[in-house]
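The values are calculated or read from the model by the stated rules, or taken from the named source; none is laboratory data. Please read these numbers as outputs of a predicted model, since none were measured by experiment. Note that we place each Cβ from the backbone using ideal geometry, even for glycine, and neighbour counts take in every protein chain shown. These area figures cover heavy atoms from the full protein model, side chains too; ligands, DNA and RNA do not enter into them. Shrake-Rupley method; radii C 1.70, N 1.55, O 1.52, S 1.80 Å.
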Amino acid sequence: MQVELAKTAGFCFGVKRAVDTVYEQVALHPDESIYTYGPIIHNDEVVKDLEKHGVRVIETEEELRELKKGIVVIRSHGVDKNVYSCLKKRGLTCVDATCPFVKKIHKIAEEKSSEGMHVVIIGNPKHPEVQGIRGWAGENVTVIQSNEDAERFEPTDSSRAVCVVSQTTFNYNKFKDLVEIIQKKGYDIIVLNTICNATKERQEEACRIAQSVDAMIVIGDKKSSNTQKLFEICRNACRNTYYIQTLDDLDMNQLRSVETVGITAGASTPNNIIEEVQSYVRINF
């Protein structure tokens, strides 16, 4: 069997930086309590390993307010302004591992909002990255995920200029489609494509591989937004596309009759999991 592994599979820069930051804090402060605000990345295997090192996950500001001491690492997805204010008031040590590309969107959202613009975030409203960006965009902000959302969109003040940004892991082609719908409304609009280049390259490579193989394996956590989008892209290009979190999820029978297999993985998938899947497929099929 021929196996093609995507060169872009696995940890992106921002995710690697965030995970490394937590392990560094564990090594530097063995006697202190270390927390992450939300899972540091969307991967249960990584979070479980950090738990073994004593790192706890805080999910809400209420939990944050109950802490008396400790080090809190901000996750790669970023958080809204209120979390930073809460950390400062509590006198807790904050280590910011927000992806620099996400941090840039926070700055844009804050600046454009202060200039009186209505901020549109194209992305999943339930995703922590989008929720964090929204927290920097003031009161005049709208999250758009679908064509229907874009068609319904109207700024709170029709004379208000509109600034469009995107979740870093959003599907690039879908972003363009949604922007086109908004632009047709005739508002004074500026569009800032804040999709991470690594995301775009990963999606394009995954699509290319999926179009040329008999079966495609997409590895990543079920909660990972960028992995879900990779799966959708690959499934559209290759009917036999399988979404797994670890090797345990791989059904051997699904690959028995294929000659070529492609493998890609989301930005929060550790290399050891990718290598384990790749080696297994090469040896056993």
Equivalent ellipsoid dimensions for region 80-215 as semi-axes, Å, which come from the Cα gyration tensor, largest first: 27, 23, 11
Accessible solvent surface per residue of the chain, calculated while the other protein chains remain in place, 1.4 angstrom probe, Å²: 49 Å²
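If Lys and Arg each add +1 and Asp and Glu each add -1, what is the summed charge of the other residues whose beta carbon sits under 13 Å from the beta carbon of MET117? Show your work: numbers first, answer last.
Values: positive: LYS112, ARG160; negative: GLU110, GLU111, GLU115, GLU139, ASP157, ASP188.
So the surrounding residues net to -4.
Mean separation of Cα pairs under 8 Å and 6+ residues apart, divided by the residue count of region 37-112: what relative contact order is that in percent? Show your work: numbers first, answer last.
Values: 77 pairs, mean separation 23.2, N = 76.
Dividing the mean separation by the residue count of region 37-112 yields 31 percent.
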Pairs from LYS7/LYS126; LYS107/LYS200; LYS174/LYS222; LYS176/LYS223; LYS184/LYS222; LYS112/LYS229 whose Cα-Cα separation, in the structure shown, is over 26 Å: LYS7/LYS126; LYS184/LYS222; LYS112/LYS229
P(r) of region 1-110 over all Cα-Cα pairs, binned every 10 Å from zero, in whole percent: 13, 43, 30, 9, 3, 1
GLU62-LYS103 FRET efficiency (beta carbon distance; Förster radius 35 Å; 0.05 resolution): 0.90
11 Å beta-carbon shell around VAL277, net charge (K/R +1, D/E -1): -3
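Could you work out the longest stretch of the chain that avoids the trypsin sites (Lys or Arg not before Pro) located in DSSP loops with at most 15 other Cβ atoms within 10 Å? It would help to have the intermediate numbers written out before the result.
On the way: sites that count: LYS7, LYS68, LYS69, LYS126, ARG160, LYS184, LYS185, LYS222, ARG239, ARG256.
Here the longest segment lacking exposed loop sites spans 8-67.
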The chain, helix-only ellipticity at 222 nm - DSSP H runs n ≥ 4, -39,500 (n - 2.57), divided by all residues, nearest 500: -13500 deg cm²/dmol
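Just to confirm the filter: which GluC sites (Glu not before Pro) across region 196-285 are DSSP coil and have at most 14 other Cβ within 10 angstrom of their Cβ? Before the final figure, lay out the partial values.
Numbers: sites: GLU201, GLU204, GLU205, GLU232, GLU259, GLU275, GLU276; in loops: GLU259.
Answer by residue number: GLU259.
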Calculated log₁₀ intensity ratio I(q)/I(0) where the Debye formula runs over C-alpha points of the chain, q = 0.11 Å⁻¹: -0.70
